[in-house]
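Scroll down for the structure; my scribbles are underneath it.
The values are calculated or read from the model by the stated rules, or taken from the named source; none is laboratory data. Not measured: the values here are computed from a predicted model. Reconstructed Cβ throughout: ideal geometry from the backbone, glycine too, with neighbour counts over all protein chains shown. Surface areas here come from the heavy atoms of the whole protein model, side chains and all, with no ligands, DNA or RNA. Shrake-Rupley method; radii C 1.70, N 1.55, O 1.52, S 1.80 Å.
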Amino acid sequence: MHKFMTRRRFHIIWTTVLITILALFFLFPLVWMIVSSMKPESQIYANISNFKAFLPSGNISDWGKAYVSIFHRFPVMRYILNSVFYATSVTVGSIVINALAGYGFAKFNFTGRKLLFGLLIALLVIPGTTLLIQQFQIAKTIGILNTPLAVILPGMSSPFYIYMFRNAFAAIPDSITEAAELDGASNLRIFWNILLPMTLPTVATVGTLSFIGSWNDYVWPLMVLTNTDQFPLQVAITNINSTNPVYMNQVMAILTISTVPLVLVYIFFQKYLTQGMGSVGNGDK
């Protein structure tokens, strides 16, 4: 027994050490980016070959200079607000639209349901980049190019998110829906007031993934927007990083501004994200 406990303790220690090393391996670029934005450019190059590369400037007054400069040189706040507006709109729309579709597949028997759901599953194997040209032509045809709608509308629907919601709703017993119907509740009220709150992990998962995907999206906004005032932060970063003079600490500052919100969103919704992704394979009927 003692030998077993010793072996188990040894296994736990080594597992912890390996996980810590792996975490540091992924974290050190983020740490270097943040601390590089908190020091003069000359120090970035001077300290790049030693441990001081992972330390901010010893002069606290240098910590915010790169951020102040980048905000003075470019309308960064406008780009941030654009990204927040696009990401929030896509997130809310994605939750509502995909949840309604998933609710329909899970709780309604209609002609062609299995065929439509099969086509939906088939769409999961098609890379999104292969549809960009078709999406662009549709946006052009309906006249929404160079408007916020061109950025928001295509990101609201996803076969994977519909599949997730379908499984989440299918896992809820039909007796709950039947009891609500006996009380006179409409289908919309059953969906909004009863079933949707019961799928909170899926809502949080879809919302988190939609927000991160929209915030990080670069190619699609670049294709449909020509007015720089409407650029999200990710598209604007390219212009900022190619406008002379280019200062490395300012580049690190704008990258930090674009990265930290995603880290905070992931940390806040991590528990729900894990639960939601874990339930993807459940609820099939």
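Please work out if Val68 is closer than 30 Å to Ala168 by Cβ and either of a type in the set (Val, Ile, Thr) or not in a helix (DSSP H, G or I) (or both). Talk me through it step by step, then tell me what you get.
On the way: closer than 30 Å to Ala168 by Cβ: no; either of a type in the set (Val, Ile, Thr) or not in a helix (DSSP H, G or I) (or both): yes.
Criteria not met by Val68.
Here's a check for you: in the range 46-67, which residue that is in contact with a Phe, Trp or Tyr (Cβ under 8 Å, 6 or more places away or on another chain) and open to solvent by less than 80 Å² (accessible area, probe 1.4 Å) is modelled with the lowest pLDDT? Steps first, answer last, please.
To start, the set of residues in the range 46-67 that are in contact with a Phe, Trp or Tyr (Cβ under 8 Å, 6 or more places away or on another chain) comprises 53-54, 56-57, 66.
Next, only the ones that are open to solvent by less than 80 Å² (accessible area, probe 1.4 Å) stay: 53, 56-57, 66.
Working: Ala53: 78, Pro56: 85, Ser57: 85, Ala66: 92.
Here the answer is Ala53.
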Check: Pairs, please: C-beta under 7 Å, at least 6 apart or cross-chain, first residue under 14 Å from Val96 (Cα atoms) and in the range 172-196, second aromatic (Phe, Trp, Tyr)?
Finding: Phe191/Tyr103; Leu195/Tyr103; Leu195/Phe169
Note to self: Here is a check on your reading of the model: is Trp215 aromatic (Phe, Trp, Tyr), over 12 Å from the mean Cα position of the chain (by Cα), on the phi < 0 side of the Ramachandran plot and at pLDDT 90 or above?
What the structure shows: no
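Give the residues of the range 214-233 that are assigned to a helix (DSSP H, G or I), within 16 Å of Gly155 (Cα to Cα) and of a type outside the set (Phe, Trp, Tyr), sorted by residue number.
Just the residues of the range 214-233 that are assigned to a helix (DSSP H, G or I), to begin with: 214-216, 219-224, 228-230, 233.
Add one more test, that the residue is within 16 Å of Gly155 (Cα to Cα), and what stays is 214-216, 219-224.
Residues satisfying the conditions are Ser214, Asn216, Val219, Pro221, Leu222, Met223, Val224.
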Check: Which residues, counting only those in the range 123-155, are open to solvent by 50 Å² or more (accessible area, probe 1.4 Å) and in contact with a Pro (Cβ under 7 Å, 6 or more places away or on another chain)?
Finding: Leu123, Leu124, Gln135
Notebook entry, point to check: Can you spot a residue in the range 236-252 that is under 20 Å from Val90 (Cα atoms) and either surrounded by fewer than 18 Cβ atoms within 10 Å (Cβ to Cβ) or in contact with a Phe, Trp or Tyr (Cβ under 7 Å, 6 or more places away or on another chain) (or both)?
Noted result: yes
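Give the residues of the range 174-192 that are outside any helix (DSSP H, G or I) and open to solvent by less than 70 Å² (accessible area, probe 1.4 Å), sorted by residue number. I'd like the intermediate steps shown before the answer.
Just the residues of the range 174-192 that are outside any helix (DSSP H, G or I), to begin with: 183-186.
The answer is Gly184, Ala185, Ser186.
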Item checked: Subset of the range 152-173 [outside any helix (DSSP H, G or I) and touching an Asp or Glu at 6+ places or on another chain (Cβ under 7 Å)] -> none
